[in-house]
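Here's the structure, in structure tokens; my notes come after.
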């Protein structure tokens, strides 16, 4: 299944809206006044002469009609073909407008090519607003401004105002499901019986010297009935609507690489402008790629047995002769982990044959059986907070000299959509308890991506600030059947996504793909492919450039499940890792 940052029903609704309310009846005076309400904080003085910019979600072209005469080139972008046809008619006199039918995650413009961008009243109507902002930022040159208008969550309104809004939102949810003509009839009735009377009352209060600010719909007191009809359809006829506080909007803007953020202090709320940071380029997924669905079960979890030692030794000699020891470009660390079924039927630690010295442990007997020089990463997998079961699980390892740390969760899900919900608060309670009661022990999780491997995101998951966890595994699996070769840039995208969410590089643990085939499907509709030696070298080299000295590295997985191939059955890869693990100490 494919996931794009677009809601097709909402796009069709807006296409019909702009066809019905094409803004041709709006007076020049009202069009200019409404433009100023949204753009009064836009830094026009920062634009170069003949600036190139984009209107993301241009709709009827009402904002572009005001912007185009002031710039050199304006790209008008909308996911609705019907809306673009309206915009082309309205902007026929503007020779410097270019039109693109595209969703926000597939804008056909090169990164870092724009002098400015704006998206007014659009990105609260897409499934992932943060990703939409990031897509806009990606197009900007360093220092270039982005203007946003996102629906506010009424945090600056009194309690009764918010109660009224909640009631009207229930009405919206029903009206938005209707066919177009009943929807239009109802929203026009709302404009006539609710918008117009309240707006005129607000105008009267203002005329008499009062302050109508807290009267619902007072912002329309200077608007024509045509604008009220348009806005009533926009408000009640749209299925997908999200609202954000000022603090949330600022946080999203900063996470996507904007600084110099400024908000308008007058309605409509919230208009904000920020400039792309000059300090460091934003590294996100390419804008022209389609997103994929998150595959909830795309991590093959376990192993079965070991490969014979003589096969590894033979492969090591082959790898040495063919230059298999390109370890100088790979991450350098003294600890190496390859989880799942680390112990054979006699209790012997198996991955040590390939130089892995950080064992996957789930019992006291296993940690006590480890050979000298091997540390233990203890699996916990609970995420219920520091409850009695957790304390009992962890306490039995206190004081054990072989203990390195605790693997708290693999792919914890903050939403509950794919796996049982795991809150940041519970992980924080577990990590804090360990730090207090098991001094020196590290806490660790492997993050679940919340979008796709082409456009990964860890926003609103877990980071040092909300969990106090020490280390975070990042697991791009770039070798797949639907690709001509491994997508090594996926590694860069994952690391950039982790940094965007506030995970510094010195806390990232690289996770290498050492499995493929079997019954596991990737999020592009294909299957994973076990990397060859040359592909693994490139993978290691890419990781080495991004995370040169991690606390430990992680080969996933030692064993296999669902008939896939894994490290245990790949002597050539074991040979390569044997050389890497011996040479990789910093």
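The values are calculated or read from the model by the stated rules, or taken from the named source; none is laboratory data. A quick note: this is a predicted structure, and the numbers were derived from the prediction, not measured. All Cβ positions, glycine included, derive from the backbone under ideal geometry; neighbour counts span all protein chains shown.
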Tell me whether the range 415-429 contains one or more residues that are closer than 17 Å to residue 558 by Cβ and either within 32 Å of the chain's Cα centre (by Cα) or at pLDDT 95 or above (or both). no
Test of understanding: among 154, 146, 140, which residue is surrounded by fewer than 24 Cβ atoms within 10 Å (Cβ to Cβ) and farther than 16 Å from residue 78 by Cβ? 154
Residue in the range 151-164 that is closer than 16 Å to residue 38 by Cβ, assigned to a helix (DSSP H, G or I) and in contact (Cβ under 8 Å) with a residue 24 or more places away in the chain present: no
Residues of the range 440-457 classified as part of a loop (DSSP other than H, G, I, E, B), in contact with a strand residue (DSSP E or B) (Cβ under 7 Å, 6 or more places away or on another chain) and within 23 Å of residue 389 (Cα to Cα), total: 1
For the range 476-488, which positions are surrounded by 16 or more Cβ atoms within 10 Å (Cβ to Cβ), farther than 12 Å from residue 524 by Cβ and without any contact (Cβ under 8 Å) to a residue 40 or more places away in the chain? 476
Please tell me if residue 465 is closer than 23 Å to residue 424 by Cα, touching a residue at least 24 places away in the same chain (Cβ under 8 Å) and surrounded by fewer than 21 Cβ atoms within 10 Å (Cβ to Cβ). yes
Would you list the helices (runs of 4 or more DSSP H) that sit entirely within the range 468-586 and hold 3 or more residues that are more than 29 Å from residue 431 (Cβ to Cβ)? 533-546, 571-583
Any chance residue 460 is surrounded by fewer than 24 Cβ atoms within 10 Å (Cβ to Cβ), farther than 23 Å from residue 517 by Cα, in the same structural domain as residue 520 (by TED's automatic domain parsing) and touching a strand residue (DSSP E or B) at 6+ places or on another chain (Cβ under 9 Å): no
Among the residues of the range 261-274, is there at least one that is at pLDDT 90 or above, within 19 Å of the chain's Cα centre (by Cα), closer than 21 Å to residue 165 by Cα and not assigned by TED's automatic domain parsing to the domain that holds residue 187? no
Out of curiosity, is residue 15 assigned to a helix (DSSP H, G or I), closer than 30 Å to residue 455 by Cβ and in contact (Cβ under 8 Å) with a residue 24 or more places away in the chain? yes
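Residues checked against (1) buried (at least 22 other Cβ atoms within 10 Å of the Cβ); (2) under 15 Å from residue 431 (Cα atoms):
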{"residue": "372", "(1), (2)": "no, no"}
{"residue": "378", "(1), (2)": "yes, yes"}
{"residue": "385", "(1), (2)": "no, yes"}
{"residue": "390", "(1), (2)": "no, yes"}
{"residue": "393", "(1), (2)": "no, yes"}
{"residue": "400", "(1), (2)": "no, no"}
{"residue": "403", "(1), (2)": "no, no"}
{"residue": "408", "(1), (2)": "yes, yes"}
{"residue": "412", "(1), (2)": "yes, yes"}
For residue 371, only one of the following conditions fails: (1) touching a residue at least 24 places away in the same chain (Cβ under 8 Å); (2) touching a helix residue (DSSP H, G or I) at 6+ places or on another chain (Cβ under 7 Å). What is its number? (1)
So, of the residues in the range 352-368 that are over 30 Å from residue 424 (Cα atoms) and in contact with a helix residue (DSSP H, G or I) (Cβ under 8 Å, 6 or more places away or on another chain), which turns out to be surrounded by the most Cβ atoms within 10 Å (Cβ to Cβ)? 354
Of all residues in the range 380-439, count the ones that are assigned to a loop (DSSP other than H, G, I, E, B) and under 20 Å from residue 461 (Cβ atoms). 17
Members of the range 92-119 found to be crowded, with 22+ Cβ neighbours inside 10 Å and either more than 29 Å from the chain's Cα centre (by Cα) or part of a strand (DSSP E or B) (or both), listed by number: 97, 114, 116, 117, 118, 119
Just one of 130, 146 is within 32 Å of the chain's Cα centre (by Cα) and not in a helix (DSSP H, G or I); which is it? 146
Quick check on this structure: which one of 262, 243, 200 is in contact with a helix residue (DSSP H, G or I) (Cβ under 8 Å, 6 or more places away or on another chain) and touching a residue at least 12 places away in the same chain (Cβ under 8 Å)? 243
Out of curiosity, is residue 357 at pLDDT 95 or above and either more than 35 Å from the chain's Cα centre (by Cα) or farther than 26 Å from residue 474 by Cα (or both)? no
Based on what the data block shows, is residue 566 under 30 Å from the mean Cα position of the chain (by Cα), more than 19 Å from residue 488 (Cβ to Cβ) and surrounded by 24 or more Cβ atoms within 10 Å (Cβ to Cβ)? yes
Which of the residues spanning the range 54-77 are surrounded by 15 or more Cβ atoms within 10 Å (Cβ to Cβ) and assigned to a helix (DSSP H, G or I)? 64, 65, 66, 67, 68
Residues that are touching a helix residue (DSSP H, G or I) at 6+ places or on another chain (Cβ under 9 Å), part of a helix (DSSP H, G or I) and touching a residue at least 60 places away in the same chain (Cβ under 8 Å): does the range 36-53 have at least one? yes
